[in-house]
Every structure is written in C-alpha cells, then in structure tokens.
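Read the structure below first, then the notes.
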Amino acid sequence: MKSGRIIKVSGPLVIAEGMEEASVYDVVEVSEKKLIGEIIEMRGDQASIQVYEETTGIGPGDVVTTTGFPLSVELGPGLIEQMFDGIQRPLEVLKEETGDFLKRGASVKSLNREKKWDFKPAVKVGDEVSEGDILGTVQETPVILHKIMVPAGTKGKVTDIKEGSFTVEETVAVLKDNDQKIKLNMIQKWPVRRGRRIKKKIDPDTPLVTGQRVIDTFFPITKGGTAAIPGPFGSGKTVVQHQLAKWADAEIVVYVGCGERGNEMTDVLMEFPELIDAKTGESIMKRTVLIANTSNMPVAAREASIYTGITISEYYRDMGYSVAMMADSTSRWAEALREMSGRLEEMPGDEGYPAYLASRIADFYERAGRVVCLGSDDREGALSVIGAVSPPGGDISEPVTQSTLRIVKIFWKLDYDLSYKRHFPAINWLDSYSLYQDKMDSYFDENIGENFSKNRIRAMSLLQEETALQEIVRLVGKDSLSEQDQLKLEISKSIREDFLQQNAFHDTDTYCSPQKQYRMLDVILHFYDESLKALDRGVYLNEIEDLPVRERISRMKNISEENLQEFDDIISEINGAEMDMDAAPPDKDVLTPEDAAELNELNDQKKLADTKALLKQMKGEGVDA
C-alpha cells in the first residue's frame, strides 16, 4: 500500500500529495485514526479525498494510505434484516463495539464471519459453470432463499462442491479453469459505482402493486420502473415511502434513508419488525435491508449510501427477485454533491450544483429495470427505484427535480395544500403522471376487471371538470350551476374523499388490493349513473344526497379484503334506492298540461285577491292608493 501526506483539510475534503500511484475512486485510510475516505479527483500526485467520517483533529502532515481498491460492498448471506450505515458498516455491530455513539475509525466486517449457513448445492461435480450461474442456496430468512452465484469474471468445471453448514468465508465449491484452481466461498465484493452485469433489459409490463389507491389506479408503477416523489416539507414524502416499503408487491425491499432525520429512521426500525406480511405471515423485516445515513452523519457518506443501496438491490435482482429500492431523499444526496463540488472549487452549474448533476442522477436511475440475469437458466429479475425529492419551498423547477423528471417515468407530485387539508396521500391528481399507464391499463383490464381503465378515465375526467366548476362556484355560487353539474361536484368529492384519501395508520385502509380498488371506484360511478337517471326523471338533487346508501359508500374503504362481496350489497342498495325514487310523492308527480293550466289559473286568482285585500287595507289606513 502506498502512502502520501495531507497538505490541506477542508471539512470532509482532504488533499494529499505523493499519491501518484493511486487511482480515482480508490478507498484510502486517512491519518493514524484510519478514517475511511475515497479519492474523487487526481491532479498530478495530489489526490482530493472525500472522507466518510468527521475530520476534526486531522491536519497537514498526517499520513494517507491507499488500499488500491474502489469503494465496494460485501454481498452474501446475512444482508437481510440488517441496518447499515452509508458505507455498509452494520450499526448493531458498531454499537456493540463502540457504544451508543460511533467512534471515528471504527471498522467492522459487513457480514458476520462466525455464523454458519446451511448450504445446499445446485450443481454437481463435472458441471461447467460461468458468471451468474447458481452454485447452491442458503435459507437466509424464512421467506428469502439466498442463491449463491458464481462471481464476476469466473468460470470453469466444478471439481468439488460441498453440502452442510459453513461460514461465509469457508470454501463451498472448487472450479478448474485451464489448470487453474479457483476456490469459491459465499462472499462477493462489488464496486458500488459500477452497475452489475446483465444479459439484457426487457420491457416492464407487470405492475408493482403498492396497495395505495391513488398510485395503483391513477399513476401505476411497473416492476423495474422508476418514480420520483417531489414535495415540500410536511407534505408526506416519508410516509408515502414507508407505505411503499411496507406494502409494495416486491420480494425484497431496500430502504435508504439519505440525510433524513434520525427519528424517521427510528420509526422505520420500530414499525417494520411489527408489521406482518400478509403473503408470508412473517415480519416485513425478513425481506428488508435498511441503510441509514441520517442528517447528523458526515455529509460525504450520503453519496455512498445511495450507491451502497442500489448495489445490494442489484445483487438480489440477479437472483431473480423483484426488488424495490426507496431512496429518501435524493435531494440530500445532491446537496452532498454540491458541497463536495464547492470544496473542490469546480465550476458551479444551476443553483451551485455541479455541472455533472444530471448525468449522476441519470446513471443512478438507469440501474433500475426488468432484466434477464446472467446465468444458464435465463432467470428474470426486476429492480424498481422510487426516489423522494425535497425541492426547497416546493419549487419543482429547481435542478434536482428537473434532472430527475427527465429520467424517471412516473411523477407523483405531493401538494402542500392537500396535506394542509389533511388529504393523504397528498398526491396531486392533476399534475402527476405515469408513462406506464397504457401498459398497466391493458394489464388491469385483463386481470382485474374489464372496465378498470374505463372507470379510471371517467373518474379522472370528473376530477378535471370539478376544477373548472369550482372556478364558477367561487365567482357566482353553487346555486348558479345546473343540478347535473352540482351532482358532478358531489361525485368528485366522493372520489376524492372516499377513494383517493387513504389512512396509512388504519388497520384495514392502510392497504387496498387492486380488486378492492376496482370495486370501490365502480360503486361510486354506478351511483353517479343512477343519480343522473333519477335527475332526468324529475327527482330533486337534495333527495339523492340524503339517501342512506351514501353513508355506506363513504365507509366502504373499511371493508376488509375478505369481505369484498359487501360491494354487491351496496350496488343492490343503490338499485333499491332507485326504485324508491321512482315512487315519488304526489307533489313530485309530473303535471299534465290541463293540470298545469288549472294551477296557473288558481295562482292568478290568488294574486288578484291578495292585491284587492292590500288596496282595501291601504284605504282604511288613509293611504292614497
């Protein structure tokens, strides 16, 4: 290992000379404390190093030693259920080593070297294997079967394959390639800034069901898709991310807290172990990896945390799993880039962000996708990436949001006005969009209900018309509208409050299956159709609004997934209410022309009598008529 000397310290940026044999992205150890750093720029023999720990007390003259390897993560059994920091140090192990407060320079292994795993071989002696082929399996958790794959750049004939309990460092297979003997264990290392190799990307055409009605019905995401959630402070980004992590139809969840408040990561640690996955009956933590780089941790490690998270995600994708990665939030990552760029004295771009911001964001999101993995079995895997963005003041025209929107295909815009009205999730249905919509319409029509997309289009049309009608109401009042338009306002309100609003903390409403979503929207639109028919028959709008079935419609979000037949009862009650309105009382009967003429004559006679009485009264009081 080659060493150099520090000549300048500027916060997390350290400049060292005598590093001519080092390379960009090499990991280095800074000073005698062995702080972990990464070379991000080389100028001659001077290396600019971003240090992932606090640099207080470090000064010129201190030694910097390069390891000669890029920043990498350890991949193998034992990742699930763990909580790592931004550079993949397990926080639970660090606590045991250093106490509640992390000490600088603390170094622990990412994977447990002592725990034994039951390895079951998937190949036999004499088989030819190459990169990506599965050597064997380990039951990592009750719900995740960990597949031990042949590492990158390795191939050969199996000369020995073992079965039994082994640590991750013990040899489980031996290959022979051109007289070279290759021993393989259960650990792989992979540089975080380089995407893992695949055979090819394929079209994402299967939805990633999230259980959130506004997302699945109106702005769906696919397995292998990318989405952005921009929104100002307090609009509910983190809760939406938590909901997606809890309920998304993914086999593996990787949640990265990048620069977020520590209490939010505490919420995740407290909630996730208690949540039971409906499919498996096990805790959600049995399929979750957490990476925490909170706002009080060194800023440089924020960038590393994003890459650590997506590399672990790619590893499980390569096993053939559907993986969902939540990044909360990429704005903090961009702020770290801006700070390091400023300390490097680089030419700033928009709002001080580095000129390469857009390309870094593109590189990150392009690692998502549905792919054919390496290996002889052509297994398919998917990696979906959902990134929260925190634009200052909610201004989505700022560089991070705009650079993100140019890459991702889904825009879930969180609206502060909606959150202020306590409408959650506060996703604005007029400004958001999904470029996967056409594919998902076809899928839902075929697999959920033939009118799924038709109902969605009608509901969205009503919500758009509501916006125009509300402008008229604000100017001249609701009574100026026809009863048909007033009914549109009522139905739009029902779509907003009874369908789009969803309580993340309610036992039943927190998750809603696509089947239930379809039935809910179908009930609301059926009520609308029957109400229009009733208006045409002369029924008054206030009678429709007072129907008892409306209360059942407003409470249908509390119907459990096991009792979806209750929607049939609501439909029957709507049809029954229609029959009751047909039997209207006499004063609601439609008048014949003869009855109308007689009624008009009676009204005229009454007006004449009232006028005569008024004149007589005025004369009696001495008033000149």
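Points worth noting:
- Option label - mean projected area of the Cα convex hull in nm² computed here, alternatives (i) 47.9; (ii) 40.7; (iii) 31.3: (ii)
- Spin-label model distance (nm) - residue 128 vs residue 177, 7 Å beyond Cα toward Cβ: 1.4
- Distance from the C-alpha centroid of the range 371-389 to that of the range 1-59: 35 Å, rounded to the whole angstrom.
- Distance in nm between pseudo-label sites at residue 295 and residue 67 (7 Å out along the Cβ direction from Cα): 3.0
- Residue 519 - accessible surface, heavy atoms, 1.4 Å probe, Å² rounded to 10: 60
- Inter-part distance where the range 185-221 and the range 402-447 are each reduced to a Cα centre, Å: 18
- For the chain, the relative contact order works out to 12 percent when only alpha carbon pairs closer than 8 Å and six or more residues apart are counted.
- FRET efficiency, residue 116 to residue 162 (Cβ-Cβ, R0 22 Å, nearest 0.05): 0.95
- By accessible area with a 1.4 Å probe, ligands and nucleic acids excluded, highest first: order of 364, 166, 505: 505, 166, 364
- By average C-beta atoms within 10 angstrom, highest first, the peptides 546-555, 46-55, 413-422: 46-55, 413-422, 546-555
- Take residue 93: with every protein chain present and a 1.4 Å probe, its accessible area is about 50 Å².
- Per-residue SASA entry for residue 423, accessible area with 1.4 Å probe, Å² rounded to 10: 10
- Options 549, 82, 112, ranked by Cα towards positive dipole end of the chain, top entry (Cβ charges): 112
- Extension gain, residue 545 to residue 8, is 186.0 nm, computed as 0.36 nm per intervening residue step minus the present C-alpha separation.
- Total charge dipole magnitude, the chain, about the Cα centre, Cβ charges on Lys, Arg, Asp, Glu only, Debye to nearest 20: 2660
The values are calculated or read from the model by the stated rules, or taken from the named source; none is laboratory data. Please read these numbers as outputs of a predicted model, since none were measured by experiment. No Cβ is skipped: glycine too gets one built from the backbone with ideal geometry, and neighbour counts run over all protein chains shown. The protein model used for the area step is the full one, side chains on, heavy atoms only, and it has no ligands, DNA or RNA in it. Shrake-Rupley method; radii C 1.70, N 1.55, O 1.52, S 1.80 Å.
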